[in-house]
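Visitor: Next up is a structure, given as C-alpha cells.
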Amino acid sequence: MSDAALRLLAEAAGIAPSWRDYRGATHHVTPDTLRAVLRATGIAAGSEAEIHENLKLLGAAAASLPLMTAEIGQAIETAERWRLVLEDGTVSEGQGALPPIHIPGYHALSLASREVTLAVAPRSCPALPPGRPWGLAVQLYALRREGDGGLGDFGSLRDFVRNAAAHGADAVAISPVHAQFSADPDRFSPYAPSSRIMLNVLHAEAPRGEALREADTLVDWPACARDRLAQFRAMFAQAIHMEHFAAFRAAEGEPLEAHARFEALHAHFYGQDPGRWHWRNWPEAYRNPHDPAVEAFARDHVVEVRFHAYLQFLADRGLAAAQAEARAAGMRIGLISDLAVGADSGGSHAWSRQHEMLTGLSVGAPPDLLSPEGQDWGLAAFSPRGLREHGFSAYIEMLRAALRHAGGVRIDHAMGLQRLWVRPEGVARGDGAYLQFPVSDMMRLTALESHRHGAVVLGEDLGTVPDGFQPRLIDAGVLGMRVLWFERKDAYFEPPGQWSGRATAMTSTHDLPTVAGWWSGRDLQWRRELRLMGDDTAAYYEAEARERDRPRLWNAFRASGAAEGDAPPPHEPARVVDAACAHIGRAACDFVLLPVEDALGRIEQPNLPGTMDEHPNWRRRLDGPAAALLDAPEVAARLAALSRSRKAADHTS
C-alpha cells in the first residue's frame with residue numbers, strides 16, 4: 001500500500017501528515033496514526049482501493065453539502081439556475097452567479113441539483129461599547145451568599161454583578177456553566193462537561209442550604225450535589241413553577257429531551273454497574289438516542305426524565321435572571337459565557353450528536369517544553385466532516401446555547417476553530433496529528449450568531465498559535481487575549497501601550513498564577529512540592545528566573561506610571577497587585593478583564609494544570625458575600641485605579 005496515497009487522502013480529509021514542534025523540528029505522522037484518525041472521521045483507509053475510492057467520495061461530498069457560508073456583499077459563484085428566499089421573505093431568481101447579499105441571516109437557496117441553506121454573515125462580530133470598557137472574571141462556584149449551601153449559584157452571581165456594576169464594570173466573565181453528570185458528582189471540572197448545550201444544574205438556586213458548608217473554604221462538590229439534587233426533587237414534587245416549566249419544555253424540544261433522557265439513562269446504568277459509566281458500555285440498544293429501546297425507557301421512566309428537564313428549566317431561569325440583573329445594574333455587556341473546547345466523550349453531547357462528534361479521538365496538545373510527552377485533555381470534539389455533512393447544526397446549536405443569556409462569549413482554545421491536536425485511543429500521548437477544521441465557515445457562523453444576539457466574542461489564543469490565525473481573529477472581530485506574564489520582548493515586559501489593540505488585556509488566567517502568587521513564588525512552591533518541574537536543578541533555575549523577573553516587572557510598572565518607589569519584597573505582594581491592576585488598565589487593548597482573584601489580592605490560583613486531586617482545582621471559594629465582595633477599601637481602590645487607567649487610555653488612543 002502506498003504511503004503517498006495515504007498521505008494524500010489524509011490531506012484531503014484535513015489531517016496534516018506532518019507537524020512542527022516548538023523548536024521548529026518537523027515530525028511525520030505514522031501511517032498507523034493517519035489511518036486511525038481517518039477511521040475516527042468515518043473514512044476507511046485499509047487498502048489501496050479504499051483510499052482511492054474515498055478520495056473520489058470526498059470530492060463528490062464537497063459538492064452536495066447542505067449549508068454554505070458567505071459574507072455580506074460577497075458574490076456566490078454557480079453555473080446553475082437558482083432561486084433565493086431571504087429570511088425576510090424576499091424572493092429572487094436567476095442563472096449563474098448570485099448577486100451580493102446584504103442582509104445577514106440563514107437564507108434558502110434552491111439550485112437545480114440541491115437545496116442549500118445559505119448562511120450570510122457580517123464581516124465581523126459586534127464591536128465593544130465605546131470608551132475602553134473593562135470587566136471582571138470570576139469562578140462562579142467560588143461566589144458566596146447566605147444560604148448557598150457551600151456552592152456558588154446564579155443567586156450569588158446576581159449579587160456579584162450588582163456589586164461589580166457599582167464599581168464601574170461593564171462585564172462579568174464567568175467560568176463555564178456547561179452540564180455535568182448528575183449521577184456522578186465527583187466529576188466537576190467546568191472544562192470537561194457532559195454537554196455544552198445544557199447547563200450545570202447545580203448552579204440553580206435551591207432553598208437554604210447546609211449552613212456548615214457555607215463556611216468551608218473549599219467546595220465539596222459531591223456533598224453539595226447530593227444536597228441540591230435532594231432539594232430540587234422536593235421542589236419538583238411540590239410542583240413549583242410547573243406552568244412555566246411546561247412552556248419551557250415544549251419550546252426547547254428535542255435537545256432538552258435528549259439530555260434529560262441521557263441523564264436518566266446514565267443514572268440507571270451507572271447506578272447498576274460502575275463499569276457502565278460511558279454510554280458506549282451500555283447495552284447496545286441504548287447507545288443510539290433514536291433507538292426504540294430509548295423511547296421505551298423514556299415512557300417507563302417518564303417522571304425521572306421530566307425531573308431532569310425540570311432541572312434545566314431551573315438553571316435556565318437562574319442564568320437569565322443574572323444577565324437581566326447585570327444589564328439592569330448598568331452593565332453594557334453583562335455576562336460573558338465561557339465555551340469549553342470539548343466535552344467528555346461519555347457525556348450527553350457526544351451521545352445525542354454522534355454524527356457530528358469525533359469518536360475514538362481525544363483532544364490535547366503535542367509534545368512541548370512543558371509537556372515533553374504531549375497532553376491529553378480527555379475531551380471529544382466536533383468532527384469537521386460531520387459538521388459539514390449536517391449543516392453545522394451542532395455548532396450553531398452550541399453557539400446559541402452559549403449566547404442565550406449573555407452579552408458575550410469567550411471561546412476556550414480558539415485555535416480549535418482552525419485545527420486541533422487529536423490522539424487516537426490506545427496510542428502514546430505524543431503520537432497524534434493536527435486535524436483541520438472549516439475555519440472560514442466556523443468564523444462566519446460565529447459572526448452571524450453573535451450579530452443576532454448582539455454579543456461580543458473573545459478567543460483564547462494562548463499557546464501554540466497557527467500561522468496567520470491571530471490576524472484572522474482580528475479580521476473577524478474576535479478579541480484575542482494578552483496576558484501580563486506573556487507580554488514580553490526578549491526577557492523584558494512590554495509597555496502596555498504597545499500591547500495589541502484588538503484584544504483583551506488580563507493580569508492572569510485561571511490556569512496561571514495570580515499576581516500575588518507569582519510575586520511571592522507560591523506557584524513555584526506548588527510545582528516544586530508536586531514534582532511538576534522535574535528535578536531539583538530545574539526548580540533551582542525556575543526560582544533564579546523569578547528572582548530576575550521581579551525587578552523587571554516592577555520596572556515595567558514604574559515606566560507605565562502604575563507604580564513608584566522601590567519594589568516590595570516577595571512576601572509583601574499587595575503593592576504589586578495594586579500596580580498590576582493599574583498597569584493593564586493602561587493597555588492599548590480594547591478590553592480589559594481582571595480576574596477577581598487579582599482584584600482581591602489572592603495568592604492561590606483556581607487551577608494548576610497537570611494536577612487532579614493533588615491540588616484543589618475548581619474548588620477554592622472566595623471570602624465574603626458576593627453582594628459586597630468588592631467593597632473592601634483596598635479592593636475598591638484597585639478597581640478605581642483600573643477604571644481611571646481605562647479612561648486615560650481612551651483619551652490617548
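Visitor: How do the peptides 235-241, 522-528 rank, highest first, by the average count of neighbouring beta carbon atoms within 10 Å per residue?
Guide: For the peptides 235-241, 522-528, the packing ranking is 522-528, 235-241.
Visitor: Can I ask one more? Please report the antiparallel percentage of DSSP beta bridges with both residues in the chain, rounded to the nearest 5.
Guide: Counting only bridges with both partners in the chain, antiparallel ones make up about 55 percent.
Visitor: Give me the extension gain from Asp490 to Ala545: residue separation times 0.36 nm, minus the current Cα-Cα distance, reported in nm with one decimal.
Guide: That works out to 18.5 nm of additional length.
Visitor: Still on this structure: Semi-axes, largest first, in whole Å: what does sqrt of 5 times each Cα gyration tensor eigenvalue give for segment 73-121?
Guide: 16, 12, 9
Visitor: What distance in nm separates the simple spin-label points at Asp536 and Glu146, each placed 7 Å from Cα in the Cβ direction?
Guide: 5.4 nm
Visitor: Right, something else. Counting other C-beta atoms within 10 Å, which of Ile336, Ile584, Ile76 has the fewest, and how do the rest follow?
Guide: Ranking Ile336, Ile584, Ile76 by Cβ neighbours within 10 Å, fewest first, gives Ile76, Ile336, Ile584.
Visitor: Something else about it: Among DSSP beta bridges lying fully in segment 479-653, give the percent that are antiparallel, nearest 5.
Guide: 25 percent
Visitor: Give, rounded to the nearest 20 debye, the magnitude of the charge dipole that segment 169-330 has about its Cα centre when Lys and Arg contribute +1 at Cβ and Asp and Glu contribute -1 at Cβ.
Guide: Around 60 debye, computed over segment 169-330.
Visitor: While we're here: How big is D for segment 479-653, in µm² s⁻¹ as a whole number, if Stokes-Einstein is applied with the Kirkwood radius of its Cα pairs at 4 °C and 1.567 mPa s?
Guide: Answer from the Stokes-Einstein relation: 77 µm²/s.
Visitor: Positive end of the charge dipole of the chain (Lys, Arg +1 and Asp, Glu -1 on Cβ, about the Cα centre): tell me which of Val465, Phe493, Met331 has its Cα farthest that way.
Guide: Looking along the dipole axis, the top candidate is Met331.
Visitor: Helix-derived [θ] at 222 nm for the chain: sum -39500 (n - 2.57) over DSSP H runs of at least 4, divide by residue count, nearest 500?
Guide: Mean residue ellipticity, 222 nm, calculated: -12500 deg cm²/dmol.
Visitor: Which percent of Cα pairs goes in each bin when the distances of segment 219-309 are cut into 5 angstrom slices starting at zero?
Guide: Distribution as computed: 3, 12, 19, 23, 19, 14, 9, 1, 0 percent.
Visitor: Nearest 0.05, what FRET efficiency do Lys647 and Thr30 give at R0 = 51 Å with Cβ-Cβ as r?
Guide: 0.35
Visitor: Take the Cα pairs of segment 169-330, get the Kirkwood Rh, then feed it into Stokes-Einstein at 25 °C and 0.890 mPa s and tell me D in µm²/s.
Guide: 144 µm²/s
Visitor: Fully extended, how many nm does the chain gain between Gln238 and Arg23 (0.36 nm per residue separation, minus their Cα-Cα distance)?
Guide: 71.2 nm
Visitor: Same structure, new question: Provide the gained length on full extension for the span Val303 to Ala637, in nm with one decimal, where the gain is 0.36 nm per separating residue minus the Cα-Cα distance.
Guide: So the chain would gain 115.0 nm between Val303 and Ala637.
Visitor: Quick one: Cα centre-to-centre distance for segment 179-207 and segment 1-46, in angstrom?
Guide: Here the two parts' Cα centres lie 36 Å apart.
Visitor: So for the chain, averaging the separation of alpha carbon pairs under 8 Å that are six or more residues apart and normalising by length, what relative contact order in percent results?
Guide: Rounded, it is 17 percent for the chain.
Visitor: In Å, what Rg and Dmax follow from the Cα atoms of the chain?
Guide: 25.3, 75
Visitor: Which value in nm describes the separation of the simple spin-label points at Gln272 and Arg226, placed 7 Å from the Cα toward the beta carbon?
Guide: Reported label-point gap for Gln272 and Arg226 is 2.5 nm.
Visitor: Can you tell me the FRET efficiency between Glu48 and Arg81 if r is taken as the Cβ-Cβ distance and R0 is 51 Å, rounded to the nearest 0.05?
Guide: 0.80
Visitor: Only counting other Cβ atoms within 10 Å, I'd like Glu254, Glu11, Glu71, Glu449 sorted with the fewest neighbours first.
Guide: Ranked by crowding around the Cβ, least crowded first: Glu254, Glu11, Glu71, Glu449.
Visitor: Shifting gears a bit: Under 1.5 on a/c is rounded, so check that first for segment 504-582, then, if it is not, pick prolate when a/b is larger than b/c and oblate when it is not; a ≥ b ≥ c are the square roots of the alpha carbon gyration tensor eigenvalues.
Guide: Here segment 504-582 falls in the prolate category.
Visitor: Could you grab the relative contact order for segment 443-536? Cα pairs under 8 Å, six or more apart, rounded to a whole percent.
Guide: 20 percent
Visitor: Out of the GluC sites (Glu not before Pro) in segment 76-135, which ones are loop residues according to DSSP with at most 15 other C-beta atoms within 10 Å?
Guide: Here the sparse-neighbourhood loop sites are Glu77, Glu80, Glu87.
Visitor: Considering the zone a paramagnetic label at Ala60 would reach in this model (a point 7 Å from Cα along the Cα-to-Cβ line), which residues of segment 1-20 have amide N under 15 Å from it?
Guide: Zone members listed by number: none at all.
Visitor: Can you give me the C-alpha center-to-center distance between segment 501-541 and segment 343-368, rounded to a whole angstrom?
Guide: 29 Å
A short reminder: the numbers here are calculations on the coordinates, not readings from a lab. No experiment lies behind these values; they were computed from the predicted model shown. As a convention, Cβ positions derive from the backbone with ideal geometry for all residues, glycine included, and neighbour counts pool all protein chains shown.
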